[in-house]
Amino acid sequence: MVGMRLFSAVSAALGVAVTLQGCGDKTPAPAPAPKPDGNTDPAPSPSPNPNPEPSTDPSPSPSPNPEPSTDPSPSPSPSPTPASGDFKLKPIVVKGNRLYDSDGNEFFVKGLGFPNVGKDVEKNERPDNNVDDWIKVLKRITDLDTKKEINTVRLYELPPCATDTQDKSRCFDRFFKAADDLGIYVIVPGTGYAWGWLPNGEAFCHEDRDENNNPSGELSTQGCYKEGGVLGFGQTIVSRLTFPNTLGIAIGNEFEHNPGMQQHIPIIKAYARDMKKFMSECNTHDDSPSKGVMRQVPLIYAASDADGDAGLRPRAQYLFCDSPDVSIDMYGLNIERYCDETGGKVAYDGVNKWVKEAKLPGAFLYTEMGCAKPGKDHDGSRPWTQVENFFGKWDAVSGFAAYAYYGNKDFDMFDGDTAEAKLLEDGENFFNKLQVVGTRDSVPPPAELPLPSPTCPKQLFFRNNLHDLAADYKEVEWYSTGEAGWATSCPPAWAVLGKDNSEKSSEDSPKAVTVLSDGVESPTLTTGHQQQGFDFKQYMPVFLTILVVAGLLLLSVAALFLRRGWADARSIRKSQESPEELELPSGFANI
């Protein structure tokens, strides 16, 4: 009886322990959202904030030193209706050093820098989650473009819900479908602000974090790559924003322009390598929802124009060097040289000349085009003469994204970030010139692809000096990003193919994760709740409880046998003292 009571007690304790671990509960334990570097929280921004890719040149962000909001995830607007209908636009591909559509015709980028809709510049809040407002701005742009020449917008920041993997409504799908309906391709950011940033100084290049999640350890190129969690952010962008009209992912913007960071530019190649590996995994892994249909979304780097052609050419050579699987696909230049008619055309002619001579194994475009507005306070208007017959004048450049709708007062075409914002004279000039942008004859892709890759230079020119690189990009290692890097986190096939998803469920199947030999995390389906592999520490209380229960059971059984043996021994001894009253113990047979 004592043993049975003890067994009941320890069994109850075991049941409590198992329930606390989520194994015996009917409700699965919640799975964490993908976070950079496998943390359970977004990678915190050190203080002072490492503004991602800031620039002393005008940048897409209205503030030269933005700080993450204390509330990086504003409450989303009510869940929108899923995008409906198939996409009509087809993916644009890079062949040789030009862009082509699915029919083999050369594609010319005619774009505009998009505003961070709903962002309070003074409070430095994140952009708005109201996707309808973003779509209205799209429609305003196409309404002003009477000949429908605009075919691309470049996004800089995203509404928080766009990268929120817990948002099952996939809020930003509707933006891409609306863009498709309007004939618009989208360049999306591959770096973030609240997390997923690239550092603006070596102070934010620590290799590790301490027990309080503060930066610690040595400063290194590896630390520059890892600390902001940019790889996890990029994988999330691939997972949630891969559509037929995703023109490319900008994996960096003027990173090398930050003091001391030019020597760490190998992280851009490492980032390109790991993003391409992830997209390849999405196309080949059995657990990927887009197996067999996933494409390589082109990767773009937007370079600073601070050093002129002397700095641009070797930098392009480096970012395209070795092989396509470790390189960008498009080299972008944020160009600010067309400030007057004479000097502007000469400068553009010079860029066109060296790009043609370089024979880069990738496309070249102006990811930001436009000098600062004239006038003492930059309140004048640009004539936008360079837009007229653009492709007829510069045949080595695949296009441009004019800078910008709104976001920097020295470059604004509108007086606000909404669809109702006033169109300034600068914007009127741009849209007027856009109607005579012209085109050129399509050049067929090279017969032999890929084009030869250049040799990687050991030094890069920056600010009138040659600088040694701090590391070989091959030494900058892939790092774990948690769920963001799982094969099951790859984009759904319907999104990659642009199929109607208005009636499809966005709920994911439960998953667990394994790690492949090459370091790529690969989940497999399970019937339980989602886990990040088998974590011994997570189940330590259960194991300890089982050991204690087993020990107590053994002790109780041993105690029971000892008690019976002791009783039987007393009976035998008593019978020896009184033979006439001999009683054999229970279980003994008479002989």
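The values are calculated or read from the model by the stated rules, or taken from the named source; none is laboratory data. Note that the structure is predicted; figures quoted are calculated from it, not measured. Cβ atoms come from the backbone with ideal geometry, glycine included; neighbour counts cover every protein chain shown. Accessible surface is based on the protein model in full, side chains and every heavy atom, while ligands, DNA and RNA are left aside. Shrake-Rupley method; radii C 1.70, N 1.55, O 1.52, S 1.80 Å.
Which residue is surrounded by the most Cβ atoms within 10 Å (Cβ to Cβ), if the candidates are limited to the stretch 331-385 and must be more than 30 Å from Arg273 (Cβ to Cβ) and either in contact (Cβ under 8 Å) with a residue 60 or more places away in the chain or touching a strand residue (DSSP E or B) at 6+ places or on another chain (Cβ under 9 Å) (or both)? Checking each candidate, the answer is Gly370. Being open to solvent by less than 30 Å² (accessible area, probe 1.4 Å) and either touching a strand residue (DSSP E or B) at 6+ places or on another chain (Cβ under 6 Å) or closer than 22 Å to Tyr405 by Cβ (or both) is the requirement here; does Pro159 meet it? Against the criterion (open to solvent by less than 30 Å² (accessible area, probe 1.4 Å) and either touching a strand residue (DSSP E or B) at 6+ places or on another chain (Cβ under 6 Å) or closer than 22 Å to Tyr405 by Cβ (or both)), Pro159 qualifies.
To keep it simple, each residue is scored yes or no on (1) open to solvent by less than 20 Å² (accessible area, probe 1.4 Å); (2) hydroxyl-bearing (Ser, Thr, Tyr).
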{"position": "Ala272", "(1), (2)": "yes, no"}
{"position": "Phe278", "(1), (2)": "yes, no"}
{"position": "Asn283", "(1), (2)": "no, no"}
{"position": "Ser288", "(1), (2)": "yes, yes"}
{"position": "Pro298", "(1), (2)": "yes, no"}
{"position": "Asp329", "(1), (2)": "no, no"}
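Leu247 fulfils the conditions (1) in contact with a strand residue (DSSP E or B) (Cβ under 9 Å, 6 or more places away or on another chain); (2) at pLDDT below 95; (3) buried (at least 24 other Cβ atoms within 10 Å of the Cβ) except for a single criterion, (2). Within the stretch 256-270, being open to solvent by less than 10 Å² (accessible area, probe 1.4 Å) and in contact with a strand residue (DSSP E or B) (Cβ under 8 Å, 6 or more places away or on another chain) holds for Glu256, Ile265, Ile268. Among the residues making up the stretch 200-244, a single one is open to solvent by 40 Å² or more (accessible area, probe 1.4 Å), of a type in the set (Lys, Arg) and farther than 23 Å from Lys269 by Cβ: Arg209.
Looking only at the stretch 118-136, residues that are under 16 Å from Asp173 (Cα atoms) and touching a residue at least 60 places away in the same chain (Cβ under 8 Å) come to 2 in all. The set of residues from the stretch 418-448 being surrounded by 15 or more Cβ atoms within 10 Å (Cβ to Cβ) and assigned to a loop (DSSP other than H, G, I, E, B) comprises Thr418, Ala419, Ala421, Leu424, Val437, Ser442, Pro445.
Taking the conditions (1) touching a Gly at 6+ places or on another chain (Cβ under 9 Å); (2) at pLDDT below 95; (3) among the hydrophobic types (A, V, I, L, M, F, W, C) in turn, Leu158 satisfies each one other than (2).
Identify, from the list Ser63, Ser47, Ser69, Ser79, the residue that is within 22 Å of the chain's Cα centre (by Cα) and either modelled with pLDDT under 95 or among the hydrophobic types (A, V, I, L, M, F, W, C) (or both).
Values: Ser63 fails: within 22 Å of the chain's Cα centre (by Cα); Ser47 fails: within 22 Å of the chain's Cα centre (by Cα); Ser79 fails: within 22 Å of the chain's Cα centre (by Cα).
Sole residue among the options that is within 22 Å of the chain's Cα centre (by Cα) and either modelled with pLDDT under 95 or among the hydrophobic types (A, V, I, L, M, F, W, C) (or both): Ser69.
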